[in-house]
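Beneath this line is the structure, given in structure tokens, with notes to follow.
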Amino acid sequence: MSERHLTDEELDRWLSGEELDQEVAEHAATCLLCWHRRANFLGAVAAARAAEPEAATLERWRETALERWSGGSAPRHRWWLAAAAVLFLVALLPVVAHLRAPRADLDAETVVQEVDTLLASDPLTALAPEELLETVVPAGGNATGGGVS
Amino acid sequence: MATLARRDRQVGEETEGALLAAALGGDRAAAQELLLRHQLLVYRVCRNLLPRDQDVEAVVQETFLRALKKLHAFAGAGSFQSWIVAIAVNLCRDRLRRRRLVPFVPLETPDEDGPDPISRLEARSPDPERVAMVRQAASLVRREVQRLPSRQREVFTLRFFADLGLEDIAAALGVDVGTVKTHLHRAVHRVRAAVEEAMP
């Protein structure tokens, strides 16, 4: 068995849970000084561990998660959905107001009369712009010379 | 009532694989048993990685819920323990990132959750000097762990505060065992040196 104490590197490996070389391991198993260094570290770490919660606390957290998983309670953090719905409705308000505003009804009779009058006086003008008519049917004699095919 | 108790006993004796299959099928008792088996581990991970108590509660619950919802994604690859720890660690990282917090471990462990190791020692030990030394050592370790780089802090927490083996840590963090050893060596070296300096 080696009389040499563990180096810092070997001690760190030991504390980390790694296997040591056989000779080093045999020394570590019987050396009070090396055991003391190990116990010193592990004791400090054990003292630094956070307190364990009460069983009731963990049970409450577990039950909350189970309820949410099985859909037993309303999902949380859905406030943004409600906010989005409200915003959507507010944005729709002008459209709804416009649709519901009273519109002046067209007098169909008057419109029909105006169209009839126009067609009676000059049917082509009623159907096509004047420039187009001038191109197709010039105002000169051609207009009477032949029809528009 | 007797039926429920019998059913609870039956569930308690189930293997993890059978529990997973049952929970996957929507069996609430199986899901409850799964959480029961791993809740303390999840708590320890979150408690030592997150600074705020309210964050710990939120992240532990979120870990439980996410594990149940994503059971189908687990598919038995590796251990369920490593898988749920991975979820917890990722949620802790998210929480810290979102809050832009520098993680720390409180210098004094709060009492509301129950007796911490030092309080238990105080209750047992008649030697106030020894209690003071242990208290000092605990503060020292917490401070040094707080100062570790994030990956070293995670590895140290999983090894010494959650009692995970090297392979489980590697699986939980998605790295190889060699990487875990490297981080753990550095973390242990730093914390041990501080402890030995203060308490030779």
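The values are calculated or read from the model by the stated rules, or taken from the named source; none is laboratory data. Fair warning: this is a prediction, and the values are worked out from it, not measured in the lab. All Cβ positions, even for glycine, are placed from backbone atoms using ideal geometry, and neighbour counts span all protein chains on display.
Taken together, B:L24, B:L65, B:L107 contain a single residue that is modelled with pLDDT under 90, touching a helix residue (DSSP H, G or I) at 6+ places or on another chain (Cβ under 9 Å), more than 27 Å from B:R135 (Cα to Cα) and surrounded by fewer than 20 Cβ atoms within 10 Å (Cβ to Cβ), which is B:L24.
The residues in the range B:63-85 that are facing chain A (nearest Cβ under 10 Å) and either polar (S, T, N, Q) or over 14 Å from the mean Cα position of the chain (by Cα) (or both) can be counted, and the count is 7.
Residue pairs whose Cβ atoms lie under 6 Å apart, separated by 6 or more positions or on different chains, with the first residue in the range B:126-154 and polar (S, T, N, Q) and the second crowded, with 16+ Cβ neighbours inside 10 Å and part of a helix (DSSP H, G or I), are B:Q152/B:H183; B:Q152/B:R186; B:Q152/B:A187.
Per-residue answers, yes or no, for (1) within 9 Å of chain A (Cβ to nearest Cβ); (2) within 21 Å of B:D94 (Cα to Cα); (3) in contact with a Ser or Thr (Cβ under 6 Å, 6 or more places away or on another chain):
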residue	(1), (2), (3)
B:R142	yes, no, no
B:F160	yes, no, no
B:E167	no, no, no
B:T179	no, no, no
B:L184	yes, no, yes
B:A193	yes, no, no
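Only one entry of B:A2, B:A58, B:A30 meets the criterion of being more than 19 Å from the chain's Cα centre (by Cα) and at pLDDT 75 or above, and that entry is B:A30. Do we have B:V131 as assigned to a helix (DSSP H, G or I), under 19 Å from A:S16 (Cα atoms) and either over 15 Å from the mean Cα position of the chain (by Cα) or within 9 Å of chain A (Cβ to nearest Cβ) (or both) here? It is false that B:V131 is assigned to a helix (DSSP H, G or I), under 19 Å from A:S16 (Cα atoms) and either over 15 Å from the mean Cα position of the chain (by Cα) or within 9 Å of chain A (Cβ to nearest Cβ) (or both).
Assigned to a loop (DSSP other than H, G, I, E, B), at negative phi, modelled with pLDDT of 85 or more and out of contact with any His (no Cβ under 9 Å at 6 or more places or on another chain), is that true of B:L101? Considered against the rule, which asks whether it is assigned to a loop (DSSP other than H, G, I, E, B), at negative phi, modelled with pLDDT of 85 or more and out of contact with any His (no Cβ under 9 Å at 6 or more places or on another chain), B:L101 comes out as no. Condition check: within 12 Å of the chain's Cα centre (by Cα), at the interface with another protein chain (Cβ under 8 Å from one of its Cβ atoms) and not hydroxyl-bearing (S, T, Y). Does B:V45 satisfy that? It is false that B:V45 is within 12 Å of the chain's Cα centre (by Cα), at the interface with another protein chain (Cβ under 8 Å from one of its Cβ atoms) and not hydroxyl-bearing (S, T, Y). What tally of residues in the range A:11-57 results from selecting those that are more than 10 Å from chain B (Cβ to nearest Cβ), surrounded by fewer than 16 Cβ atoms within 10 Å (Cβ to Cβ) and touching a residue at least 24 places away in the same chain (Cβ under 8 Å)? Matching residues across the range A:11-57 total 3. For B:A31, the test of being among the hydrophobic types (A, V, I, L, M, F, W, C), facing chain A (nearest Cβ under 7 Å) and surrounded by 21 or more Cβ atoms within 10 Å (Cβ to Cβ) is passed.
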